[in-house]
Amino acid sequence: MESKDFSALIETSPNLYQLTIYFTTLQSLFDDDFVCQLLRQRITHLKIVLNSSSIELNTFPMARLALIFPQLKYLCFENQYFSFETFEPLILAAFNHLSEWTSLISLTVLDMHLMEETCAKGIHQWTLEHISTYDRNSFLTDYTDYSFRLWF
């Protein structure tokens, strides 16, 4: 989809607050300031579908996401195209920007794998060790059926 077409779609949808989008499509919109402004104003529920083997989790543009989507309440990543060895880099990148998502209620990563060491330690303990911006008693974690969930 062309950026201008996406822009027209968003402009004609003033009540749009929930967006499911392929990462490759979203990434192509990063340079369109007008589209980013519309997304910044409207989107509170975002699901990003990881659909390309060219995505590097270690360099995922989480800072850009935090800038474009500061009002997120729900952030979800879905692995649809390929298997990574581990998703910890993506989750840790999100943890580093939690203070910028002051309205965030839930962070979810679907269809993913965690390292055996992380699972053995326990997902709540692992999260405690890596999350520093929130009260340590104010969140719940879950890792079942290859899905990580963090609730605030």
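Nothing in this text is a laboratory measurement; each read-out follows from the coordinates by a stated rule. Only a predicted model underlies this, so the values are computations on that prediction, with no experimental measurement involved. Cβ: placed from backbone, ideal geometry, glycine included. Neighbour counts: every protein chain shown.
Could you calculate the contour length gain from Glu117 to Ser103, that is, 0.36 nm times the residue separation minus the distance between their Cα atoms, to one decimal place in nm? Separation in residues times 0.36 nm, less the Cα-Cα distance, equals 2.0 nm. Neighbour counts of C-beta atoms inside 10 Å place Trp151, Trp126 in the sequence Trp151, Trp126, starting with the fewest. For the chain, give the share of DSSP beta bridges that are antiparallel, in percent and rounded to the nearest 5; count only bridges with both residues there. Around 35 percent antiparallel, to the nearest 5.
Of Glu116, Glu11, the sequence from fewest to most neighbouring Cβ atoms within 10 angstrom is Glu116, Glu11.
Each of Thr59 and Tyr74 was given a label point 7 Å from its Cα along the Cα-to-Cβ line. The distance between the two points is 3.3 nm. Quote the FRET efficiency, to the nearest 0.05, computed for Asp33 versus Asp142 with a Förster distance R0 of 41 Å and r equal to the Cβ-Cβ distance. Efficiency computed from Cβ-Cβ geometry: 0.65.
State the percent of C-alpha pairs, over all pairs in the range 3-151, separated by a distance greater than 24 angstrom. Taking all Cα-Cα pairs of the range 3-151, the fraction more than 24 Å apart is 32 percent.
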